1. In the range 15-25, is there at least one residue being without any contact (Cβ under 8 Å) to a residue 40 or more places away in the chain and touching a Phe, Trp or Tyr at 6+ places or on another chain (Cβ under 8 Å)?
2. From the list LEU87, LEU79, LEU98, LEU46, which residue is closer than 11 Å to LEU140 by Cα, in contact with a helix residue (DSSP H, G or I) (Cβ under 7 Å, 6 or more places away or on another chain), touching a residue at least 12 places away in the same chain (Cβ under 8 Å) and among the aliphatic types (A, V, I, L, M)?
3. Within the range 1-16, track down each residue that is modelled with pLDDT of 95 or more and among the hydrophobic types (A, V, I, L, M, F, W, C).
4. Restricting attention to the range 73-81, does a residue exist that is touching a strand residue (DSSP E or B) at 6+ places or on another chain (Cβ under 9 Å), within 25 Å of PRO27 (Cβ to Cβ), of a type in the set (Gly, Ala, Ser) and at pLDDT below 95?
5. Return the only residue of GLY48, GLY136, GLY85, GLY131 being over 27 Å from ALA15 (Cβ atoms), at pLDDT 95 or above and out of contact with any Leu (no Cβ under 7 Å at 6 or more places or on another chain).
6. Confirm whether GLU58 is in contact with a helix residue (DSSP H, G or I) (Cβ under 8 Å, 6 or more places away or on another chain), surrounded by fewer than 15 Cβ atoms within 10 Å (Cβ to Cβ) and either in a loop (DSSP other than H, G, I, E, B) or at pLDDT 95 or above (or both).
7. Could you check, for the range 69-84, whether at least one of its residues is assigned to a helix (DSSP H, G or I), among the hydrophobic types (A, V, I, L, M, F, W, C) and in contact with a Phe, Trp or Tyr (Cβ under 6 Å, 6 or more places away or on another chain)?
Amino acid sequence: MLTDLIVATLEEAPAILQSQGHASIWPTLEAKGIDQVKLASLRFILKGEPPEDQVVIEYMKSFEIQADGGAEGPWVDSLPEDLVGLLAAISAPDIQRLATAWANTEEAQLDRWVAADVEPLLGELSALAAGAVAQGKRLLLWVCL
């Protein structure tokens, strides 16, 4: 599964879906393998709460489909605003600890994530979220099978 996180407005989601090179148009973080489950788990880690299955599943309902490419995709979802705010507020000294916790979630372990690889990704994700907040835009998740 290919995934990108993109800074854009909700109104731009259909254009992102149709574009053949969204990374050259919108600020984008190529984030292969990051999905709604991993992002929802990260939200609970950022709040200092355990990412237990039931609460993660319930929170995933707050990701909203903004553009739908059909059964084969791609799709564009908006990240919940509280998650974007939490990502934007990560301080540099906390990145290593948070990356380790995120890499130790069940979903990340299944994908063989290691904290050393997750740490720079989390730093980039935080910077992207901070840029979205500063611009008054949203963070969108582009997913393609």
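1. no
2. Details: LEU87 fails: closer than 11 Å to LEU140 by Cα; LEU98 fails: closer than 11 Å to LEU140 by Cα; LEU46 fails: closer than 11 Å to LEU140 by Cα.
Selected residue: LEU79, the only one of LEU87, LEU79, LEU98, LEU46 that is closer than 11 Å to LEU140 by Cα, in contact with a helix residue (DSSP H, G or I) (Cβ under 7 Å, 6 or more places away or on another chain), touching a residue at least 12 places away in the same chain (Cβ under 8 Å) and among the aliphatic types (A, V, I, L, M).
3. Within the range 1-16, LEU5, ILE6, VAL7, ALA8, LEU10, ALA13, ALA15, ILE16 meet the criteria.
4. Filtering the range 73-81 down to residues touching a strand residue (DSSP E or B) at 6+ places or on another chain (Cβ under 9 Å) leaves 73-81.
Those still in the list that are within 25 Å of PRO27 (Cβ to Cβ) too: 73-81.
Checking which are of a type in the set (Gly, Ala, Ser) leaves us with 73, 78.
This time we only want the ones that are at pLDDT below 95, so: 73.
Yes: one or more hits.
5. Details: GLY136 fails: over 27 Å from ALA15 (Cβ atoms); GLY85 fails: over 27 Å from ALA15 (Cβ atoms); GLY131 fails: over 27 Å from ALA15 (Cβ atoms).
Selected residue: GLY48, the only one of GLY48, GLY136, GLY85, GLY131 that is over 27 Å from ALA15 (Cβ atoms), at pLDDT 95 or above and out of contact with any Leu (no Cβ under 7 Å at 6 or more places or on another chain).
6. Judged against the criteria, GLU58 is not a match.
7. Taking the range 69-84 as the starting set, the residues that turn out to be assigned to a helix (DSSP H, G or I) are 81-84.
Now restrict to residues that are among the hydrophobic types (A, V, I, L, M, F, W, C): 83-84.
In the following step, the residues that additionally are in contact with a Phe, Trp or Tyr (Cβ under 6 Å, 6 or more places away or on another chain) were identified as none.
Checked against the condition, which is being assigned to a helix (DSSP H, G or I), among the hydrophobic types (A, V, I, L, M, F, W, C) and in contact with a Phe, Trp or Tyr (Cβ under 6 Å, 6 or more places away or on another chain), the range 69-84 yields no hits at all.
So that you can scan it fast, the table gives a plain yes or no per residue for (1) among the polar types (S, T, N, Q); (2) at pLDDT below 95; (3) on the phi < 0 side of the Ramachandran plot:
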| site | (1), (2), (3) |
| --- | --- |
| ALA31 | no, yes, yes |
| SER41 | yes, no, yes |
| LEU98 | no, no, yes |
| TRP102 | no, no, yes |
| LEU140 | no, no, yes |
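The values are calculated or read from the model by the stated rules, or taken from the named source; none is laboratory data. Note that this is a predicted model, so its numbers are computed, not measured. Here the Cβ is made from the backbone with ideal geometry for all residues, glycine too, and neighbour counts use every protein chain on show.
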